[in-house]
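Colleague: Dropping the structure in here first, questions after.
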């Protein structure tokens, strides 16, 4: 089984006997799984089909401030609470956009290239991507606070345009570097959704976010690579827009939000879906047998004509019992659908 081939077939909407799968973990969930299995190599043995590394500013722990991390953009992330993987912004750097003197950092290109060299060296037979997290909307609110971004869409749209263009220009340069390497696609991460609908609504998403994502997508498509877009929440209103600007695969596909059968019927010919196994409901609360049954059901619903990367809907959080993780993995490894 060539894992990269399976992913590419899924993205080309060709059904395969084995559905490609992916599993990733938050730090605390992986620690629990290693303790449960008594196997420090368990993540490698699970054998996900996708190999990627994510850039979102390389947060580094601040000396003398345990749990506080400073990224390249000057943002301090507080991880001293429950969220040990991302954290929350300590203090926004931009107040009034119209009077902001914020200057973007110069990316450490040598470090970035070193990461991509290692990524490609360890590619094996997996589908391999660089990933750019906290891109566009998330980077804007990490710099100035979410409420301030949303208010600025109404109060000073031209100033927000300027900031978003600078964010886009920053990531364009990084994408161009990534595209020099032997990769299969590019992953963008930018949360736009709530449990119901978009945070900023479809009109403002089309006004502020879509044109910048279209620029980024065009850069990737010009080199013949696939595009994966991560966004938590309900983004169904803009699926046609994402297809229009070139998206190949939407992640994460949350069954507690979407009618997965309906979304497959409406968009499955043009959009592949990554996810399907809920980290919000199924994995934390079901029994192992229920996890197996739900995993099988989801695969049956979504596998027709390809277009599926079966996976938990997010990096597995710490509240998921290890036995439920292994139940899901058992179905991934022994696909009898």
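The values are calculated or read from the model by the stated rules, or taken from the named source; none is laboratory data. Fair warning: this is a prediction, and the values are worked out from it, not measured in the lab. Cβ coordinates were reconstructed from backbone atoms using ideal geometry, including for glycine residues, and neighbour counts include every protein chain displayed.
Colleague: Out of the residues in segment 293-320 that are without any contact (Cβ under 8 Å) to a residue 40 or more places away in the chain and crowded, with 19+ Cβ neighbours inside 10 Å, which is farthest from residue 13 (Cα to Cα)?
Modeller: Top of the filtered list is 294.
Colleague: If you go through segment 271-292, how many residues are touching a residue at least 60 places away in the same chain (Cβ under 8 Å) and closer than 26 Å to residue 32 by Cα? Full working, then the answer.
Modeller: Step one: of segment 271-292, the residues touching a residue at least 60 places away in the same chain (Cβ under 8 Å) are 272, 274.
In the following step, the residues that additionally are closer than 26 Å to residue 32 by Cα were identified as 274.
Total satisfying the criteria: 1.
Colleague: Would you check if residue 175 is closer than 30 Å to residue 44 by Cα, touching a helix residue (DSSP H, G or I) at 6+ places or on another chain (Cβ under 6 Å) and either without any contact (Cβ under 8 Å) to a residue 60 or more places away in the chain or not in a helix (DSSP H, G or I) (or both)? Quick ask: steps written out before the conclusion?
Modeller: On the way: closer than 30 Å to residue 44 by Cα: yes; touching a helix residue (DSSP H, G or I) at 6+ places or on another chain (Cβ under 6 Å): yes; either without any contact (Cβ under 8 Å) to a residue 60 or more places away in the chain or not in a helix (DSSP H, G or I) (or both): yes.
So residue 175 fits the description; yes.
Colleague: If you check every pair at least six apart or on different chains, which have Cβ atoms under 6 Å apart with a residue in segment 197-222 that is part of a loop (DSSP other than H, G, I, E, B) first and a residue that is surrounded by fewer than 16 Cβ atoms within 10 Å (Cβ to Cβ) second?
Modeller: none
Colleague: Quickly run through segment 157-174 and pick out the residues that are within 18 Å of residue 146 (Cα to Cα) and surrounded by fewer than 18 Cβ atoms within 10 Å (Cβ to Cβ).
Modeller: Passing the criteria: 157, 158, 159, 161, 162, 165, 166.
Colleague: Related question: If I ask for residues that are outside any helix (DSSP H, G or I), closer than 13 Å to residue 174 by Cα and over 21 Å from the mean Cα position of the chain (by Cα), which ones from segment 108-151 would you list?
Modeller: Residue satisfying the conditions is 108 alone.
Colleague: May I pose another question? Return the only residue of 265, 290, 323 being surrounded by fewer than 19 Cβ atoms within 10 Å (Cβ to Cβ), in contact with a helix residue (DSSP H, G or I) (Cβ under 7 Å, 6 or more places away or on another chain) and modelled with pLDDT of 95 or more. Write out each step before concluding.
Modeller: On the way: 265 fails: in contact with a helix residue (DSSP H, G or I) (Cβ under 7 Å, 6 or more places away or on another chain); 290 fails: in contact with a helix residue (DSSP H, G or I) (Cβ under 7 Å, 6 or more places away or on another chain).
323 is the lone residue from the list that is surrounded by fewer than 19 Cβ atoms within 10 Å (Cβ to Cβ), in contact with a helix residue (DSSP H, G or I) (Cβ under 7 Å, 6 or more places away or on another chain) and modelled with pLDDT of 95 or more.
Colleague: Considering only residues of segment 25-55 that are in a loop (DSSP other than H, G, I, E, B) and touching a strand residue (DSSP E or B) at 6+ places or on another chain (Cβ under 7 Å), which is surrounded by the most Cβ atoms within 10 Å (Cβ to Cβ)? Don't jump to the end; show me each part of the working.
Modeller: Step one: list which residues in segment 25-55 are in a loop (DSSP other than H, G, I, E, B), which gives 26, 38-41, 47-49.
Still in the running and touching a strand residue (DSSP E or B) at 6+ places or on another chain (Cβ under 7 Å): 26, 48-49.
Details: 26: 20, 48: 20, 49: 25.
Within segment 25-55, the match that is surrounded by the most Cβ atoms within 10 Å (Cβ to Cβ) is 49.
Colleague: Return yes or no: is residue 13 at positive phi, assigned to a loop (DSSP other than H, G, I, E, B) and either in contact (Cβ under 8 Å) with a residue 24 or more places away in the chain or in contact with a strand residue (DSSP E or B) (Cβ under 8 Å, 6 or more places away or on another chain) (or both)? Walk me through it before giving the result.
Modeller: Values: at positive phi: yes; assigned to a loop (DSSP other than H, G, I, E, B): yes; either in contact (Cβ under 8 Å) with a residue 24 or more places away in the chain or in contact with a strand residue (DSSP E or B) (Cβ under 8 Å, 6 or more places away or on another chain) (or both): yes.
It is true that residue 13 is at positive phi, assigned to a loop (DSSP other than H, G, I, E, B) and either in contact (Cβ under 8 Å) with a residue 24 or more places away in the chain or in contact with a strand residue (DSSP E or B) (Cβ under 8 Å, 6 or more places away or on another chain) (or both).
Colleague: Next question. What's the number of the only condition in (1) touching a strand residue (DSSP E or B) at 6+ places or on another chain (Cβ under 6 Å); (2) part of a loop (DSSP other than H, G, I, E, B) that residue 7 fails to meet?
Modeller: (2)
Colleague: Which condition from (1) touching a strand residue (DSSP E or B) at 6+ places or on another chain (Cβ under 6 Å); (2) surrounded by fewer than 16 Cβ atoms within 10 Å (Cβ to Cβ) is the one that residue 276 breaks?
Modeller: If we test residue 276 against (1) touching a strand residue (DSSP E or B) at 6+ places or on another chain (Cβ under 6 Å); (2) surrounded by fewer than 16 Cβ atoms within 10 Å (Cβ to Cβ), just (2) comes out false.
Colleague: Right, something else. From the list 88, 75, 109, which residue is in contact with a strand residue (DSSP E or B) (Cβ under 7 Å, 6 or more places away or on another chain) and in contact (Cβ under 8 Å) with a residue 24 or more places away in the chain?
Modeller: Details: 88 fails: in contact (Cβ under 8 Å) with a residue 24 or more places away in the chain; 109 fails: in contact with a strand residue (DSSP E or B) (Cβ under 7 Å, 6 or more places away or on another chain).
It is 75.
Colleague: Which residues, counting only those in segment 56-70, are within 23 Å of residue 132 (Cβ to Cβ), without any contact (Cβ under 8 Å) to a residue 40 or more places away in the chain and assigned to a loop (DSSP other than H, G, I, E, B)? Give the steps one after another, and end with the answer.
Modeller: Looking only at segment 56-70, we keep the residues that are within 23 Å of residue 132 (Cβ to Cβ), and these are 56-61, 69-70.
From the residues that got through so far, the ones that are without any contact (Cβ under 8 Å) to a residue 40 or more places away in the chain too are 59-61, 69-70.
Once the filter is applied, which keeps residues that are within 23 Å of residue 132 (Cβ to Cβ), without any contact (Cβ under 8 Å) to a residue 40 or more places away in the chain and assigned to a loop (DSSP other than H, G, I, E, B), segment 56-70 yields only 59.
Colleague: Looking only at residues that are outside any loop (DSSP other than H, G, I, E, B) and touching a helix residue (DSSP H, G or I) at 6+ places or on another chain (Cβ under 8 Å) in segment 223-239, which one is nearest to residue 86 (Cα to Cα)?
Modeller: First, pick out the residues of segment 223-239 that are outside any loop (DSSP other than H, G, I, E, B): 226-230, 236-239.
Add one more test, that the residue is touching a helix residue (DSSP H, G or I) at 6+ places or on another chain (Cβ under 8 Å), and what stays is 226-227, 229, 236-239.
Values: 226: 26, 227: 23, 229: 19, 236: 26, 237: 27, 238: 26, 239: 27 Å.
Among those that are outside any loop (DSSP other than H, G, I, E, B) and touching a helix residue (DSSP H, G or I) at 6+ places or on another chain (Cβ under 8 Å), it is 229.
Colleague: Every residue in segment 76-101 that is over 24 Å from the mean Cα position of the chain (by Cα) and surrounded by 14 or more Cβ atoms within 10 Å (Cβ to Cβ), please.
Modeller: Narrowing segment 76-101 to residues over 24 Å from the mean Cα position of the chain (by Cα): 91, 93-101.
Across segment 76-101, the qualifying residues are 93, 94, 97, 100.
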